[in-house]
Amino acid sequence: MLTKKASLSLFLLLTLFLGGCGKPQIKSIGPNSTILAFGDSLTSGFGVRTNESYPYLLEELIGCEVINSGISGEDTKAGLERLAGELQKHTPDLVVLCFGGNDMLRKQPTAQTISNLRKMIHSIQESGADIILLGVPKPSLILSVPDFYEKLADEHKIPYEGDILKKVLSSASLKSDQIHPNEKGYKLIAESVYQLIKDSEL
């Protein structure tokens, strides 16, 4: 029989172990899976050829179908209106959500952007698909990703990548213009999303 001290030690060890296992997870992705890359120009691959966009490169890395559902210039309101049709059409296993840049460029209310993203996340989860969220930096001389992306990810317990777009868009050598990556930048995004998927799989 365990002593009171030993029982306390075991409890603390279990707490630490379970806490480490608490990161958001997604179902394993296999050759028959479908990934929907849903977003704006950062997803569509503005500034590069089709085979240099991050969804195309992600498909090569992960070995399953990755659908590029990015529309240049789209904000979260338009994305929300389009989402249901894309989910119904493609029935994805996983959605990579990357939106908000155009909202910030057009100085739309932050509360509206958050609300639209939250509704997108709800719709994706209700469809049965898993979701990964990418944080988009706010345009400025020194780029930073708004806190609401991480808060939304925590709220909905979904995997989140908040560094890669900031890293790419902060480097002139990784951009085709002021707000879009070049082929090297999109390659880094694809590799980062791939790694997040692998790290988050059950």
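On a 0 to 90° scale, report how tilted helix 4-20 is relative to the longest principal axis of the chain, with both axes built from alpha carbons and the result rounded to the nearest 10.
10
Given R₀ = 41 Å, FRET efficiency for Ser140-Asn32 by Cβ-Cβ distance, to 0.05?
0.45
As a test of the formula, what do you get for the chain when each DSSP H run with n ≥ 4 contributes -39,500 (n - 2.57) and the sum is divided by the residue count, at 222 nm and rounded to the nearest 500 deg cm²/dmol?
It lands at -15000 deg cm²/dmol.
What distance in nm lies between label points placed 7 Å from Cα along the C-beta direction at Lys23 and Gln178?
3.7
Kindly state, as a whole number, the per residue volume in cubic angstrom of the convex hull around the alpha carbon atoms of the chain.
146
Let me know the charge dipole size of the chain about its Cα centre in debye, to the nearest 20, where only the beta-carbon of Lys, Arg (+1) and Asp, Glu (-1) is charged.
Roughly 600 debye for the chain.
Modelled label-to-label distance, Thr91 and Gln125, 7 Å Cα→beta-carbon offset: nm?
Calculated label separation equals 2.3 nm.
Compute the long axis of helix 147-156 from its Cα atoms, compare it with the longest principal axis of the Cα atoms of the chain, and write down the angle in degrees, 0 to 90, nearest 10.
The answer is roughly 50 degrees.
All other residues with a Cβ under 12 Å from the Cβ of Ser173 taken together, and with Lys, Arg as +1 and Asp, Glu as -1, what is their net charge?
Its environment carries a net charge of +2.
Would you mind getting me the FRET efficiency between Arg82 and Thr110? Use the beta-carbon distance for r and R0 = 25 Å, nearest 0.05.
Once rounded, the FRET efficiency stands at 0.70.
For the chain, give me the percentage of DSSP beta bridges that are antiparallel, rounded to the nearest 5 percent.
10
How far is helix 183-200 tilted off the main Cα axis of the chain, in degrees rounded to 10, range 0 to 90?
Result, in degrees: 20.
Coordinate-derived values only; no laboratory data. In this text, all values refer to a predicted model and were calculated from it rather than measured experimentally. Glycine also receives a Cβ, built like all others from the backbone with ideal geometry; neighbour counts cover every protein chain displayed.
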